[in-house]
Amino acid sequence: MAKFFDSIQDQHQSFIEKQKMFFVASAPLAANGHVNLSPKGIDSFKVLSANKVAYMDIIGSGNETSAHVLENGRITLMFCAFDGPPNILRLYGKGYTVLPGDEEWESLAINFEILLATRQIIVADVDKVQTSCGFSVPYFTYEGERDQAYKWAANKGADGLEAYKKEKNLISLDGLPTALNTDENMSKWSY
């Protein structure tokens, strides 16, 4: 049975901190736009307060969440138990992107182990928390983190990662600009 809360309770935070993976969902406003759903791992998620969370986002082949929250702010984060008692927890809210060099960057970055491949931090102001049974979520055993992202980033190097972001991370699948592609941030980059 689903239960709703106005903020993250202590038991919710405890559950979140035990999970090895979570999912992020966002969507553009356009009816024909693509809903994005991304799995996330590593120790990249932090509860900052009862109504604020953040996750460290590493460079990937797309940047949909940044584009969607820039356009409309809507974001949902989901955690589910793959071991122990069944449970699903969703955080609903308004998100925004914080980039290196932004005023809020330093105060957020201290919560994470910033990696070479760290692209941005996505912050969500949570206005609704939902828990539900999770009875149909199967058991899975955690075996560890993959190291391909670390190796890929090291191989690219800082300059190669910046070039990759310029090539792959400025525009969403539906043609929306990401936070990396705003006039203010584009002026920081030389071409």
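Tabulated results
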| item | result |
| --- | --- |
| Residue check for D6: touching a Phe, Trp or Tyr at 6+ places or on another chain (Cβ under 7 Å) and either touching a residue at least 24 places away in the same chain (Cβ under 8 Å) or under 21 Å from Y164 (Cβ atoms) (or both) | no |
| For L77: the one exception among (1) buried (at least 20 other Cβ atoms within 10 Å of the Cβ); (2) under 14 Å from R119 (Cβ atoms); (3) out of contact with any His (no Cβ under 9 Å at 6 or more places or on another chain) | (2) |
| Candidate set: segment 22-53, residues that are within 11 Å of the chain's Cα centre (by Cα) and of a type in the set (A, V, I, L, M, F, W, C); chosen: the one farthest from I121 (Cα to Cα) | L37 |
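Coordinate-derived values only; no laboratory data. These numbers were taken from a predicted model, which means no experiment stands behind them. Backbone-built Cβ (ideal geometry, glycine too); neighbour counts: all protein chains shown.
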